[in-house]
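*Asks:* One structure coming up, written as structure tokens, with questions to follow.
No value in this document is a laboratory result; all are computed from the given coordinates. Keep in mind that this is a model prediction, so the values were computed, not measured. Backbone-built Cβ (ideal geometry, glycine too); neighbour counts: all protein chains shown.
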């Protein structure tokens with residue numbers, strides 16, 4: 001078994017809802033992430049999928065402590081990052097970097113590329129001189145496929161794909177072990193998406209990087225991930241290897257997501273299962289009792305689904321599902337509620 005680099009246990013991120021003239025009264029909480037367990041092996045890629053508003057980006061940012069952790073553990077290489085403060089947290093962050101969704105808004109328009117990439121080196125005391133740091137920047141730009149002359153240019157002078165390469169270079173220049181990529185290709189054209197995905201895969205092979213990739217595009221996650229976790233309203237509902245999940249999705253929500261992906265063969269498209277979900281995603285400030293997917297689940301059953309939140313349980317080797325009726329749904333004992 002590969003060594004685990006990142007282990008998350010019982011992670012919760014709750015944001016207070018404040019009211020009053022000076023917002024001094026807490027009247028509730030937004031349960032953005034509410035009890036997530038996951039493991040990412042060293043050198044592997046964990047893909048996190050789910051619709052907008054399910055808490056994917058909040059979870060990714062919490063791993064790097066960019067969002068406050070309400071409860072739980074984020075154990076990175078044997079150290080609980082959630083408990084770190086001050087200088088020890090700053091040192092840990094050098095080894096944990098993030099690629100943001102929109103490179104235009106995450107890059108300072110007043111800084112040229114050299115300044116953007118050098119800033120982190122200076123902050124972490126990497127390099128004995130300006131010349132040494134400059135050489136490191138040049139090597140990093142070369143690794144992401146950008147020319148040396150890009151150092152003197154500003155973000156607005158590049159295309160979207162080039163700006164995302166700058167964002168990748170900014171994360172890469174510090175020599176991290178873990179990179180959290182938050183929707184790294186969603187803002188790019190389809191042809192450019194493939195180039196960036198291939199670049200991330202090449203860098204992983206060359207440098208031994210570990211990725212946690214957040215995306216809503218199932219095709220992207222399938223291509224790049226070893227393990228996939230499906231997230232719904234703050235919690236994981238299914239987790240399996242990429243091959244197993246796409247071959248046989250077991251949770252009703254995962255099956256609904258898969259059924260929404262078009263198939264280029266008209267005959268296959270006409271024959272395959274179609275699952276239409278009812279209603280909208282509930283508010284994370286007022287999640288349903290019991291199973292959080294029950295308000296939209298086609299197979300929902302009274303009593304147990306209403307009162308008991310299912311735990312993420314291993315149904316098959318390496319395949320975990322959070323559903324009370326997984327086996328009954330798969331066997332046809334429980335049919336779709338019309």
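*Asks:* In nm, to one decimal, how far is the residue 18 label point from the residue 219 one, both placed 7 Å along Cα→Cβ?
*Replies:* Going by the 7 Å Cα→Cβ label model, 4.4 nm.
*Asks:* Quick one: work out Rg over Rh on the C-alpha atoms of region 44-180, Rh as Kirkwood radius.
*Replies:* The Rg/Rh ratio comes out at 0.98.
*Asks:* Out of 81, 33, 122, any idea which swings most in a Gaussian network model of the chain, alpha carbons joined below 10 Å?
*Replies:* Comparing 81, 33, 122 in the GNM, the peak value goes to 122.
*Asks:* A further question follows. Going by C-beta contacts inside 10 Å, put 224, 17 in order with the fewest on the left.
*Replies:* 17, 224
*Asks:* Using a Förster distance of 30 Å, how high is the FRET efficiency between residue 42 and residue 153, based on the Cβ-Cβ distance and rounded to 0.05?
*Replies:* 0.25
*Asks:* Given springs between every Cα pair under 10 Å in a Gaussian network model of the chain, which of 277, 178, 59 has the largest fluctuation?
*Replies:* 277
*Asks:* Same structure again: So, how do all the Cα-to-Cα distances of region 62-129 break down into 5 Å bins, in percent, from 0 on up?
*Replies:* 3, 14, 21, 20, 18, 14, 8, 2, 0
*Asks:* Give the peptides 245-258, 141-154 in descending order of average Cβ contacts within 10 Å, highest first.
*Replies:* For the peptides 245-258, 141-154, the packing ranking is 245-258, 141-154.
*Asks:* Within a 10 angstrom radius of the beta carbon, how do 56, 85 rank from fewest other beta carbons to most?
*Replies:* Ordered from fewest to most neighbouring Cβ atoms within 10 Å, 56, 85 come out as 85, 56.
*Asks:* Just 127, 60, 279 to compare: in a GNM of the chain, with alpha carbon springs under 10 Å, which one fluctuates most?
*Replies:* 279
*Asks:* Using only Cα atoms, what Kirkwood radius does region 38-77 have, in angstroms?
*Replies:* Value: 11.6 Å, from the Cα pair sum.
*Asks:* Out of all DSSP beta bridges with both ends in the chain, state the antiparallel percent to the nearest 5.
*Replies:* Antiparallel: roughly 65 percent of the beta bridges in the chain.
*Asks:* Between residue 189 and residue 333, what length in nm is gained on full extension when 0.36 nm per residue of separation is reduced by their alpha carbon distance?
*Replies:* 47.4 nm is the gain from fully extending residue 189 to residue 333.
*Asks:* A further question follows. Please compute P(r) over all alpha-carbon pairs of region 1-124, binned at 10 Å starting from zero, and give each bin as a whole-number percent.
*Replies:* P(r) for region 1-124, in whole percents per bin: 11, 34, 33, 19, 3, 0.
*Asks:* Between residue 52 and residue 308, what is 0.36 nm times their sequence separation minus the Cα-Cα distance? Round to one decimal in nm.
*Replies:* My answer for the length gained is 89.7 nm.
*Asks:* Stick to the Cα atoms of region 178-306, pair each with every other, and give me the Kirkwood hydrodynamic radius in Å at one decimal.
*Replies:* 16.8 Å
*Asks:* Fewest to most neighbouring Cβ within 10 Å: what's the order for 327, 320?
*Replies:* So the residues, fewest neighbours to most, are 327, 320.
*Asks:* How fast does the chain diffuse by Stokes-Einstein, in µm²/s, taking the Kirkwood radius from C-alpha pairs at 10 °C and 1.306 mPa s?
*Replies:* The calculation lands on 74 µm²/s.
*Asks:* Related question: What FRET efficiency do you get for residue 201 and residue 278 if R0 is 22 Å and r is their Cβ-Cβ distance, rounded to the nearest 0.05?
*Replies:* My answer for the efficiency is 0.05.
*Asks:* Starting from 0.36 nm per residue, how many nanometres of slack lie between residue 26 and residue 135 once their C-alpha separation is accounted for?
*Replies:* Taking 0.36 nm per residue and subtracting the Cα distance, the gain is 34.2 nm.
*Asks:* Give the angle, between 0 and 90 degrees and rounded to the nearest 10, that separates the Cα long axis of helix 190-207 from the longest principal axis of the Cα atoms of the chain.
*Replies:* The angle comes out at about 70 degrees.
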